[in-house]
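The values are calculated or read from the model by the stated rules, or taken from the named source; none is laboratory data. Note that the structure is a prediction, hence the values are computed from the model and not measured. Using ideal geometry, Cβ is built from the backbone for each residue, glycine included, and neighbour counts are taken over all protein chains shown. Surface areas here come from the heavy atoms of the whole protein model, side chains and all, with no ligands, DNA or RNA. Shrake-Rupley method; radii C 1.70, N 1.55, O 1.52, S 1.80 Å.
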Amino acid sequence: AKVRGMKKAKLRMIEALKNDFETRFQGIPKERLRLGAAGAGLSAEQEKEWTDMLSASFPEMDVYYDSLSCSVSCHIGPGGYGVGISVITCPLRKAISVMKSTTTNPLLMQMNPLTLSALETKRRMKC
């Protein structure tokens, strides 16, 4: 659908997300879904405004922000916005318990599980 203006474009993205939640993701529990906001060359104020707008529209969801990659940003230019839905296939609590139960290195046991490298996490999780 065509819209004119950034405000209307953001509202249209939110409408599309609501439609996706009702159709494509209806059988998935909300705690296994994450909402990702993205932008190209946005200021800190614009990032906060976008994530706040999404958080207000989806109060039951975790919303995180990440900048768009350079390969995407160079094509759309500064000021581009995006949003996406991620499905968590292995819940974090299970991943943490698996990491703690399979770790024999005392240094790793003391670390915050979120600081472990992706390779280490992938090797240890059996979801």
Handout entry: Members of the range 41-64 that are under 13 Å from Ile85 (Cα atoms) and modelled with pLDDT under 90
Key = Met61, Asp62, Val63, Tyr64
Handout entry: Enumeration of residues in the range 46-60 that are open to solvent by 50 Å² or more (accessible area, probe 1.4 Å) and outside any helix (DSSP H, G or I)
Key = Pro59, Glu60
Practice task
Considering (1) surrounded by 12 or more Cβ atoms within 10 Å (Cβ to Cβ); (2) modelled with pLDDT of 80 or more, say which one Val98 fails and leave the rest.
Solution key: (2)
Practice task
Output the number of the condition that Tyr65 fails; it satisfies all remaining conditions of (1) over 15 Å from the mean Cα position of the chain (by Cα); (2) on the phi < 0 side of the Ramachandran plot.
Solution key: (1)
Handout entry: Of all residues in the range 10-37 being closer than 12 Å to Ser86 by Cβ and free of Cβ contacts under 8 Å to residues at least 60 places away in the same chain, the one that is farthest from the chain's Cα centre (by Cα)
Key = Ile28
Exercise for the section: Please work out if Lys18 is modelled with pLDDT of 90 or more, over 23 Å from Lys2 (Cβ atoms) and either open to solvent by 40 Å² or more (accessible area, probe 1.4 Å) or in a helix (DSSP H, G or I) (or both). Expected result: no
